[in-house]
Structures are given as C-alpha cells and as structure tokens.
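**Student:** I am attaching a structure below and will ask some questions about it afterwards.
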Amino acid sequence: MLLLIVLLQLLIPVKGYFGIDSWFGFGALFGFLSCVLMVIVAKLLGAILKRPDDYYDV
C-alpha cells in the first residue's frame, strides 16, 4: 500500500510547504526514520530506567 502511494507521486504532484517535503517519497522516508528513532529512544530509556535483577529480593 505504501509503495502504491509513493508511486502515485509520479502522477500527482505534491505541493510542499517547506521545500524538503515536496521531495519524492519524503513521507515514507520521514515515517520510517521517525519509527527507527522512536525504537532507539525506547531502547535507551529501557537501559537507563532498568532496575537490577535482585531489586525485589528481601
């Protein structure tokens, strides 16, 4: 589905507001990079906020 939407940009011109957002496939690339960034941030937060394995031992 995403491939179809990106290929439709060949037929339907995209009017960008900032210049860079009118590039071919910008929405797909931006979404992919945003997702990768969110996964990396979540992994870093998990490593920072992780409790020791013996945290609940009495």
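**Student:** Given a 1.4 Å probe and the protein chains all in place, what does the accessible area of Val14 round to, in Å² to the nearest 10?
**Tutor:** So the heavy atoms of Val14 present about 70 Å² to solvent.
**Student:** Run the simple label-point estimate for Phe18 and Lys50 please: 7 Å along Cα→C-beta, distance reported in nm.
**Tutor:** According to this spin-label approximation, the distance is 3.4 nm.
**Student:** Let me ask something else about it. Keeping all protein chains in position, work out how much accessible area Ile40 exposes to a 1.4 Å probe, and write it in Å² to the nearest 10.
**Tutor:** About 90 Å², ignoring ligands and nucleic acids.
**Student:** Put Met1, Met38 in order of accessible area, largest first, 1.4 Å probe: what do you get? Mind dumping the intermediate values first?
**Tutor:** Values: Met1 170, Met38 130 Å².
Descending order: Met1, Met38.
**Student:** Semi-axes of the chain's equivalent ellipsoid from the Cα gyration tensor, sqrt of 5 times each eigenvalue, largest first, rounded to whole Å? Intermediate values should be presented prior to the final figure.
**Tutor:** Details: eigenvalues 361, 29, 6 Å².
Result for the chain: semi-axes of 42, 12, 6 Å.
**Student:** Roughly what would the spin-label model give for Leu4 and Phe30, points 7 Å off Cα along C-beta, in nm?
**Tutor:** About 2.3 nm separates the two model spin labels.
The values are calculated or read from the model by the stated rules, or taken from the named source; none is laboratory data. Model, not experiment: these values are computed from the prediction. Neighbour counts run over all protein chains shown; Cβ positions are idealised from the backbone, glycine included. For accessibility, only protein heavy atoms count, side chains too; no ligands or nucleic acids. Shrake-Rupley method; radii C 1.70, N 1.55, O 1.52, S 1.80 Å.
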